[in-house]
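Just below is one structure, and these are the notes that go with it.
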Amino acid sequence: MINEYIKGAYFCGPIEEQVLSYWKESLVNSNLVLFMRYEEMIEKPVAQVMRLADFLGCSFSEEEKQSGMVEKILELCSLGNLSNLEANKIGTSTCGIAHHAFFRKGGVGDWKNHLTDEMARKINEMVEKKLEGSGLKFD
């Protein structure tokens, strides 16, 4: 649920406020802000890549779709492919974090391996309260 987006970045501060501000802005300025949920990208990756391309103003032609270009982009951008690139295996970011630390399993539900049920319940309650009335929902 909410923990999917919280787990990876909660230490950065009030992430729910940041997410909510982008959500609201995407409703007002959908031509300037594209709001994508991780679960949607996992469930319907082809549709989401096409949505992203449309947003960027470089929609796929029918020929490109038929040739498998969308699927090829998904393959090149997959967690498995990106995490195995040499550049992402060695070195550190400008703030000293090892590049490989940015790659986890890439699956929905991995928070269960890091949080207790009680921790998850508390996070869900807190975030649901913050998002109440916004129309923003997470599975």
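Report, in debye and to the nearest 20, how large the dipole of the chain comes out about its Cα centre when Lys and Arg carry +1 and Asp and Glu carry -1 on their Cβ.
Here the chain has a charge dipole of around 340 debye.
Of interest is the spacing of the C-alpha centroids, which for region 29-61 and region 104-139 amounts to 23 Å.
With viscosity set to 1.306 mPa s at 10 °C, what whole-number translational diffusion coefficient in µm²/s follows for the chain from Stokes-Einstein and a Kirkwood radius over Cα pairs? Walk me through the numbers before you get to the answer.
Values: Rh = 17.4 Å.
Estimated via Stokes-Einstein, D reaches 91 µm²/s.
When a 1.4 Å probe is rolled over the protein heavy atoms, the share of accessible surface on the chain that falls to carbon and sulfur comes to 58 percent.
Multiplying the residue separation of Met119 and Leu20 by 0.36 nm and removing their Cα-Cα distance gives an extension gain of 33.5 nm. Shown for the chain: lysine pairs separated by 8 or more places, or found on different chains, whose C-alpha atoms are under 17 Å apart, numbering 15. Legend: P(r) of region 17-59 from all alpha carbon pair distances, 10 Å bins from 0, whole percents, reading 28, 49, 22, 0. Which of the listed residues, Gly135, Leu56, Gly91, is farthest toward the dipole's positive end in the chain, when Lys, Arg count +1 and Asp, Glu count -1 at the beta-carbon? It is Gly91. Once the 1.4 Å probe is applied to the protein heavy atoms, the chain comes out at 68 Å² accessible per residue. Dividing the radius of gyration of the alpha carbons in region 72-123 by their Kirkwood radius gives 1.11 for Rg/Rh.
Under the criterion of Cα pairs below 8 Å and six or more residues apart, the relative contact order for the chain equals 35 percent.
The values are calculated or read from the model by the stated rules, or taken from the named source; none is laboratory data. Everything numeric in this text was worked out from a predicted model, so none of it was measured. In this analysis, Cβ positions are derived from the backbone assuming ideal geometry, glycine residues included, and neighbour counts consider all displayed protein chains. To get the accessible areas, we keep the full protein, side chains included, count just its heavy atoms, and leave off ligands, DNA and RNA. Shrake-Rupley method; radii C 1.70, N 1.55, O 1.52, S 1.80 Å.
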